[in-house]
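Student: Would you mind keeping the following structure in view while I ask a few things?
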Amino acid sequence: MSILINLLPDVRQAKLRERRRKQMASGIAVMVWVICGGVVVLLSVYVAGQKVAINVLSGSIKDKESKLQSISGLPDALNAEEHLASLGNLYSKRVYMTKFFDAYQQADPQDAVLNSLTVDASNTMTVTGEAKTYADVAKLDRALAASNVQVGTNAKASNQPYFTNVNISSVNADSKGVGYTITAVMASGATGGGNGQ
Amino acid sequence: MASNAIVKQQEQLSGNNLIIVLTLITLLAVGVAGLAAKALIGSITLDNKVLKAKNLANTNLQSDVDAAPKLVDAYAALGTQAGVIADALPDTTDFPGLIVVLENMTNDAGLRLKSVAPTTGATAATATGTTTTASGDASQAPPPQPFDFSLSFDGRYDTLLKLLDHLEKSARPMRITGLQITGSGSALSGTVTAETYYQDKAQLPLSTETIK
């Protein structure tokens, strides 16, 4: 007795399975390629769009630059505007030495002679001179400390003093009398920043 | 039976080869695409910055273009007063202009002007100013530069006070930094040291900027 087995369908099935496997692999590969290509294309398009936008903006900027440069009288006007803007700050840097002399007048200038006055960048004033006595130096020191509060025209207790941190830094007897150095900070009322005028 | 098995194996081998080739090509494609994408993203990032800067420049320029005629008209309306601004803050140290002003002030105060001289600080200030301007941005106004000078005088106490008052109220801002006096109230001699200012000529706000 013999048995007949038909093996063809099995081979056919194997072929079909193999074909499906190949198709699936090819499909996945193509899909990945398309995704990769698509991403690159999209990014390239975006970059190209940016370049176009940059070119358009560059053209617009050049156009406006030309317009600005063609306006006659603009450099002078701009110069005046910038200088005017700076002037306010520069005026505020001024120091009013006359405020010192107002106080100095009250301290009997005959007895406390001035030699020099300096003001540094932080508005610290240094006064050097010669006085007859130590008391004259003290009088000048007090006059400065009381300036605009008790001393000077329109002085009032409620006013801000023109000079703060008034100190006698040195005082010593010499051949001419008493040499002195007084330091004080010129407050806002005695500088341009406080509109002391 | 044996021939069928061989056929199956051949089919499988052929299929495996194809998958290997496809995988390699896909890996290559992904690699190339990754590199390209990295370069493109870098370009996009930079171009975004450039676009932002150009947009800002364009907007600023537009506002400048709109404002320019008004500024020119306002300046023209100043008439002769425009000269006061130029005198108050000149483009250069304008030492000749300064000595004329000081002579007028001392004459008006009743002092004798003995000398006017730029002091050593002025040279340093000028040098600093040049450096600042050279490295400056045209879109920003150049800062004012100090110019130090000293003036010597003969006079009286009351005339000195007048001179100080004139210096304090001068249209050209002057900051008195020192005062040396010798003599008595009726016969004073002295030297005032002060600083005044100048500001380089304004430039149209047109400059380029490197974007990194």
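Student: Counting just the residues of the stretch A:100-145 that are at pLDDT below 90 and of a type in the set (D, E, K, R), which one comes out surrounded by the fewest Cβ atoms within 10 Å (Cβ to Cβ)?
Tutor: A:ASP108
Student: In the stretch A:67-105, which residues are touching a residue at least 60 places away in the same chain (Cβ under 8 Å) and not in a helix (DSSP H, G or I)?
Tutor: Across the stretch A:67-105, the qualifying residues are A:LYS93, A:ARG94, A:VAL95, A:TYR96.
Student: Another question about this same structure. Take the stretch B:42-56 and flag every residue that is of a type outside the set (Lys, Arg), farther than 19 Å from A:LEU43 by Cβ and open to solvent by 40 Å² or more (accessible area, probe 1.4 Å).
Tutor: Hits for the stretch B:42-56 are B:ASN55, B:LEU56.
Student: On to the next question. May I ask you to list the residues in the stretch B:184-212 that are among the β-branched types (Val, Ile, Thr) and either farther than 30 Å from B:PHE149 by Cβ or in contact with a Pro (Cβ under 9 Å, 6 or more places away or on another chain) (or both)?
Tutor: If the condition is that a residue be among the β-branched types (Val, Ile, Thr) and either farther than 30 Å from B:PHE149 by Cβ or in contact with a Pro (Cβ under 9 Å, 6 or more places away or on another chain) (or both), then B:THR196, B:THR208, B:THR210, B:ILE211 are the ones that fit.
Student: Under 20 Å from B:THR93 (Cα atoms), free of Cβ contacts under 8 Å to residues at least 60 places away in the same chain, among the β-branched types (Val, Ile, Thr) and outside any helix (DSSP H, G or I): does that describe B:THR193? Explain how you work it out, then say what you get.
Tutor: Working: under 20 Å from B:THR93 (Cα atoms): yes; free of Cβ contacts under 8 Å to residues at least 60 places away in the same chain: no; among the β-branched types (Val, Ile, Thr): yes; outside any helix (DSSP H, G or I): yes.
Spelling it out, it is not the case that B:THR193 is under 20 Å from B:THR93 (Cα atoms), free of Cβ contacts under 8 Å to residues at least 60 places away in the same chain, among the β-branched types (Val, Ile, Thr) and outside any helix (DSSP H, G or I).
Student: Could you grab me the full set of residues in the stretch B:84-103 that are out of contact with any strand residue (DSSP E or B) (no Cβ under 7 Å at 6 or more places or on another chain) and farther than 21 Å from B:LEU163 by Cα?
Tutor: B:ILE85, B:ALA86 - these are the residues of the stretch B:84-103 that are out of contact with any strand residue (DSSP E or B) (no Cβ under 7 Å at 6 or more places or on another chain) and farther than 21 Å from B:LEU163 by Cα.
Student: Can I ask one more? Restrict the check to the stretch B:119-138 and report whether at least one residue is surrounded by 14 or more Cβ atoms within 10 Å (Cβ to Cβ) and at pLDDT 85 or above.
Tutor: Checked the stretch B:119-138: at least one residue is surrounded by 14 or more Cβ atoms within 10 Å (Cβ to Cβ) and at pLDDT 85 or above.
Student: Would you pick out the residues in the stretch A:64-95 that are within 7 Å of chain B (Cβ to nearest Cβ), closer than 15 Å to B:VAL72 by Cβ and among the polar types (S, T, N, Q)?
Tutor: A:GLN69, A:ASN79
Student: Also, I was wondering about something else. What tally of residues in the stretch B:149-203 results from selecting those that are over 26 Å from the mean Cα position of the chain (by Cα), of a type outside the set (Ser, Thr, Tyr) and open to solvent by 20 Å² or more (accessible area, probe 1.4 Å)?
Tutor: Within the stretch B:149-203, residues that are over 26 Å from the mean Cα position of the chain (by Cα), of a type outside the set (Ser, Thr, Tyr) and open to solvent by 20 Å² or more (accessible area, probe 1.4 Å) number 12.
Student: Scanning the stretch B:10-24 for residues that are within 21 Å of A:ILE35 (Cα to Cα) and within 7 Å of chain A (Cβ to nearest Cβ), which turns out surrounded by the most Cβ atoms within 10 Å (Cβ to Cβ)?
Tutor: Initially, the stretch B:10-24 is screened for residues within 21 Å of A:ILE35 (Cα to Cα), giving B:18-24.
Checking the rest, the ones that are also within 7 Å of chain A (Cβ to nearest Cβ) come to B:18-19, B:22.
Details: B:LEU18: 16, B:ILE19: 17, B:LEU22: 19.
The selected residue is B:LEU22.
Student: To continue, here is another question. In the stretch A:85-94, what count of residues is obtained for those that are closer than 25 Å to A:ALA155 by Cβ and touching a Lys or Arg at 6+ places or on another chain (Cβ under 6 Å)?
Tutor: 1
Student: State whether one or more residues within the stretch A:162-181 are within 23 Å of B:LYS169 (Cβ to Cβ), under 38 Å from the mean Cα position of the chain (by Cα) and not hydrophobic (A, V, I, L, M, F, W, C). Even if it seems obvious, please write down each step before you answer.
Tutor: Keep residues of the stretch A:162-181 that are within 23 Å of B:LYS169 (Cβ to Cβ), which gives A:162-163.
When the remaining residues are screened for being under 38 Å from the mean Cα position of the chain (by Cα), the result is A:162-163.
Within this subset, residues satisfying the condition of being not hydrophobic (A, V, I, L, M, F, W, C) are A:162.
Yes, the stretch A:162-181 contains at least one residue that is within 23 Å of B:LYS169 (Cβ to Cβ), under 38 Å from the mean Cα position of the chain (by Cα) and not hydrophobic (A, V, I, L, M, F, W, C).
The values are calculated or read from the model by the stated rules, or taken from the named source; none is laboratory data. Given the structure is predicted, the values throughout are model-derived calculations rather than measurements. Here the Cβ is made from the backbone with ideal geometry for all residues, glycine too, and neighbour counts use every protein chain on show. Only protein heavy atoms, including side chains, enter the accessible area calculation; ligands, DNA and RNA are left aside. Shrake-Rupley method; radii C 1.70, N 1.55, O 1.52, S 1.80 Å.
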